[in-house]
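Encoded as structure tokens, the structure appears first; notes follow it.
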Amino acid sequence: MSTGLYTACMSTTIESTHIADWQTFAPTLPDGGIDLLYADPPFNTGKTQNAHAGAYSDSWASTDAWVDWLRERLVVTLPKMKPTGALLIHVDWRTSHRVRVLLDELLGEHCFVNHLIWRYGLGGSSPRRFARKHDDILFYCIDPVQYYFEPPLVPATSNRMKGQLKKATDVLDIPTLNNMASERVGYPTQKPLALLELLINACSPEGGIVFDPGRDRLRSQSGRDRDDTEPTSVKKRMSRDHKGHATHTREGQSCSH
């Protein structure tokens, strides 16, 4: 499974890539070294996710089995977090309620920070329910007193603050990638860089280590699946230019689960 770590280094970003599964790679990391865990695990859609760069099976026997799979990986990762660290677990309506209970169990209810909504607008509708137009990102901390957070600024939408910036709310209005987006790299479920930049800049300090397991979750066209050894990357967090803008771009995953 693809896994990543990255750290800000003024104007450069350093990445090293490994071949490892999240569960086997995390124990090799030094204890207390990670500032942010951003995990975008498979959503248990019951489907095979396909794109021209590869595919992966996104199906477990039950939701309980999926939760057990995630639990095993979180348990080996939590000792690697700094006291000032935080977790962002990117899921959707299928499992968000179960993941929140799991994180309450592993970290404690007092470590909950936000239930973020990524509202993207694309996708189908149904005559039998409200259209599902968002993903869920659960934000937890290791220590409620010490965790790092820098409120991100986004363009204001009110007439009174037109042209100004305001602090972001827990609803993030960021478009998903269209099929012609230049940042597309051919991975199933690729997320937009704008979303990842906002989250990482807000929840990890410049120079901090960001652990991104399951970044690609690809099975190659030759047949490697989710349970085999897959690429694992170690990166430095995106740095900022003199205006405070992120200068590093990285692969992400999309909302098309």
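The values are calculated or read from the model by the stated rules, or taken from the named source; none is laboratory data. Just so you know, these numbers come straight off a predicted model, no measurement behind them. Note that we place each Cβ from the backbone using ideal geometry, even for glycine, and neighbour counts take in every protein chain shown.
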- What number of residues in region 19-56 are in contact with an Asp or Glu (Cβ under 6 Å, 6 or more places away or on another chain) and either of a type in the set (Gly, Ala, Ser) or assigned to a strand (DSSP E or B) (or both)? 3
- Task: Any residue in region 100-115 that's among the polar types (S, T, N, Q): show its pairings with residues that are loosely packed, with under 12 Cβ neighbours inside 10 Å at Cβ separation under 9 Å, as long as the two are six or more apart or on different chains.
- Result: Asn114/Asp170
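Can you tell me which residue is farthest from Asn179 (Cα to Cα) among those in region 21-74 that are of a type in the set (Gly, Ala, Ser) and in contact with a Pro (Cβ under 6 Å, 6 or more places away or on another chain)?
Looking at the filtered set, the residue picked out is Ala39.
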- Query: Restricted to region 164-184, and to residues that are modelled with pLDDT under 90 and surrounded by fewer than 13 Cβ atoms within 10 Å (Cβ to Cβ), which residue is farthest from His110 (Cα to Cα)?
  - Reply: Met180
- Task: Scan region 45-58 and give yes if some residue there is touching a Phe, Trp or Tyr at 6+ places or on another chain (Cβ under 9 Å), among the polar types (S, T, N, Q) and either in contact (Cβ under 8 Å) with a residue 12 or more places away in the chain or farther than 27 Å from Pro175 by Cα (or both), otherwise no.
- Result: yes
- Note on the structure: Among strands (runs of 3 or more DSSP E) entirely within region 74-161, at least 2 residues that are under 17 Å from Pro41 (Cα atoms) occur in 81-91, 112-119, 134-141
- Message: Which residue is surrounded by the fewest Cβ atoms within 10 Å (Cβ to Cβ), if the candidates are limited to region 105-142 and must be out of contact with any Cys (no Cβ under 8 Å at 6 or more places or on another chain) and charged (D, E, K, R)?
- Response: Arg128
- Output for region 164-191, where each listed residue is part of a loop (DSSP other than H, G, I, E, B) and in contact with a Gly (Cβ under 6 Å, 6 or more places away or on another chain): Lys191
